[in-house]
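None of the figures in this text is laboratory data; all of them are computed from the coordinates on show. Model, not experiment: these values are computed from the prediction. Ideal geometry is used to build each Cβ from the backbone, glycine not excepted, and the neighbour counts take in all protein chains shown.
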Amino acid sequence: MRIVLIHPNYHSGGAEIAGNWPPAWAAYLTGFLRREGFDDITFIDAMTNHLTPDQVRARLVELQPDLIGATAITPAIYEAEALLKLAKETCPQAVTVLGGIHGTFMYPQVLTEAPWIDAVVRGEGEQVLTDLVRCIAEGRWPADRASVKGIAYRVGEEIVANAAMPPIADVDRIVADWSVLDWSRYIYIPLNTRVAIPNLARGCPFTCSFCSQWKFWRDYRVRDPRKVVDEIEDLVRNHGIGFFILADEEPTIHKKKFVQFCEALIERDLPVLWGINTRVTDILRDEALLPLYRKAGLVHVSLGTEAAAQLKLDRFNKETTVAQNKKAIQLLRQNGIVAEAQFIVGLDNETPETLEETYRMALDWDPDMANWAMYTPWPFNDLFQELGDKVEVFDFSKYNFVTPIMKPEAMDRATLLDRTMHNYRRFYLRKTFLGYPWIRDKVKRRYMLGCLWAFAKSGFQRTFYDLGKVGYWGPQSKKSVDFHFDESRRLDAAPGRVPHNAMWKTMHRPKAKLPPAAAKACGGGTEQLEDAEG
Ligand code: B12
Ligand code: SF4
């Protein structure tokens, strides 16, 4: 049984400016499949290697797989559909499979517009793909496909979704096989070293309305920290990794396990630095532990600081958020950890003044890095339902945090992009001259100057925020900016073809209306997991 996994060749000028990142999904699926006895697996990274359709076709002709699987986040969906079309044409005998977040919720539309896809794997992929592979290997496909939990497919004109697969309860069964990747390709520009993306925890106990990750994983589960550190040791010793970020949505909420993770890293004394995304409230909670986190190699923390306030949700109280964000940033910086503030901008009620306000906040909080991401209305998140017909663009290839999907009432999209760039220019110009060169901590200074280099590189190449593609050259070019939206793309709303999550149960309680004073940025209230839990 020969399996080929492919990462589609999609690019957008955001996080990619920091380098080439390894597709963790392929390594986690490979690890699981190999332990279940399916070991003929090849991975093709069409994204990192910028492969053309002809180059992918040539590889498939050579490999003659029985199953071809591709991944797709929302903006990569059209690339993934086209890739699987090419796969079907090249190897008609192979079963074509799509996995990842977009298909998980949008499978009715995907299977309608790409009927050459034999199965969409919904949610966490390891167990579902293994069952699907076994069904094929035992000659039961497609006759017995109704028995494979977690997949969706077409039967004639009808779209069928089998019952969802429960999230894997024993998460220690999930161990990546990183040897499936070509490690010479994955370099983190700021440190000029190989980079990895291991997974400590999956899911998030919170339910932010602009986010879909909590819905995707459905349950919050943490792996045995020592086993994750075994994986990191393998990455460092056998694949030459010098930096990693945790793929996790919320790695710190389970304090006890996160501390165990740090202690195990310190014990092994591995030459590796790392970064995480997490919540402001966890940093405040862990003030006394920050030196331990830093000792374990944690150098970069990205905080969802202002998302909530910008979204102007009633249940978030800006006053408390602002004070707490500032404190968390100070604490990180005092402990030699790079603090990155993330702002979400570009909702319908954004104005030049509110954008200016985020800049002033960035000055006041003084994080090491600031990031202004465009609000992106995933059709499967809760806020999308509230926005209704204010969302006019359904060209999903532009749903990438760097293209203004929503048109604010008070300005056009080009002005939104221009004001956002104005914030970036001012913020990083100050840091270039007054900040980074003067950082005393050698490790942190090297890191920040490396980040600056990555920014400069993407600036020269005009890949940052896809500025080259949209024709932005500064304020004077505003009139000629063109986002090239494909207006023919629609949200397929025919009955039975809307994203429906009927069979998709999460462990989350129904959303409670929080009193404003109890609310914090990135994820609601002050709740923490009990130490004993999990
Ligand atoms: C690491 C990461 C990146 C890396 C990409 C690394 C790579 N080459 O894959 C970098 C930093 C480059 C990046 C960039 C971007 N990212 Co990103 N990224 C993440 C992050 C933090 C972790 C992803 C990860 O590895 N998870 C761990 C793996 C194991 O999970 P997984 O990929 O979901 O795979 C599982 C299942 O989905 C399924 N599965 C997945 N694929 C397949 C395929 C098959 C065949 C099967 C059967 C199953 C299957 O099985 C896997 C195992 O269970 C997530 C947020 C998060 N915490 O998840 C955002 C996230 C995926 N990114 C996102 C976005 C939008 C982007 C950018 C567009 C932003 C930007 N402009 O920079 C770009 C796009 C880059 C590109 N060209 O594709 C969004 C996607 C949302 C959406 N609805 O589509 C996320 C969810 C963040 C968010 N806050 O919403 N990203
Ligand atoms: S805290 Fe909110 S934004 Fe962050 S991952 Fe959880 S649900 Fe998403």
Just check the range 145-189 against the gyration tensor rule for me: Cα atoms, a ≥ b ≥ c as the square roots of the eigenvalues, rounded for a/c under 1.5, and otherwise prolate or oblate depending on whether a/b exceeds b/c.
oblate
Ascending count of other beta-carbon atoms within 10 Å, so fewest first, for SER179, SER397
SER179, SER397
Pairs beyond 18 Å (Cα-Cα), from LYS85/LYS398; LYS215/LYS327; LYS407/LYS479; LYS215/LYS255
LYS85/LYS398; LYS215/LYS327; LYS215/LYS255
Using Cα-Cα distances under 8 Å and only pairs 6 or more residues apart, what relative contact order does the range 186-479 have, in percent?
15 percent
Nearest 500 deg cm²/dmol is fine: what mean residue ellipticity at 222 nm does the chain get from its DSSP H runs of n ≥ 4 alone, each adding -39,500 (n - 2.57), divided by its residue count?
-11000 deg cm²/dmol
Net charge within 12 Å of SER458 by Cβ-Cβ distance, Lys/Arg positive one each and Asp/Glu negative one each, not counting SER458 itself?
0
Angle, helix 101-113 long axis vs. longest principal axis of the chain, Cα atoms, 0 to 90°, nearest 10?
50 degrees
Relative contact order of the chain, pairs being alpha-carbon contacts under 8 Å that are 6 or more residues apart, as %
16 percent
Can you tell me what share of the DSSP beta bridges in the chain is antiparallel? A percent to the nearest 5 is fine.
25 percent
For the range 351-453, which trypsin sites (Lys or Arg not before Pro) pass both filters: DSSP loop (anything but H, G, I, E, B) and at most 13 other C-beta atoms within 10 Å?
ARG440
At 37 °C and a viscosity of 0.692 mPa s, what translational diffusion coefficient does Stokes-Einstein give for the range 186-479, taking Rh as the Kirkwood radius over Cα pairs? Give it in µm²/s as a whole number.
163 µm²/s
What does the net charge come to around TRP141 if you take all other residues with beta carbon closer than 13 Å to its beta carbon, with K and R at +1 and D and E at -1?
-2
Final fewest-first order of THR252, THR74 on the 10 Å Cβ neighbour count is THR74, THR252
Eigenvalues of the Cα gyration tensor times 5, then square-rooted: what semi-axes does that give for the chain, in whole angstrom, largest first?
35, 28, 24
How many percent of DSSP beta bridges within the range 186-479 run antiparallel, rounded to 5?
15 percent
Counted charge near ALA94, where neighbours are those whose Cβ lies closer than 12 Å (Asp, Glu -1; Lys, Arg +1)
-1
Can you give me the three principal axis dimensions of the range 1-98 from its C-alpha atoms, in Å, biggest first?
37, 30, 21
Starting from the Cα gyration tensor of the range 170-280, take the square roots of the eigenvalues, sort them a ≥ b ≥ c, and report rounded, prolate or oblate (rounded when a/c is under 1.5, otherwise prolate if a/b is larger than b/c, else oblate).
prolate
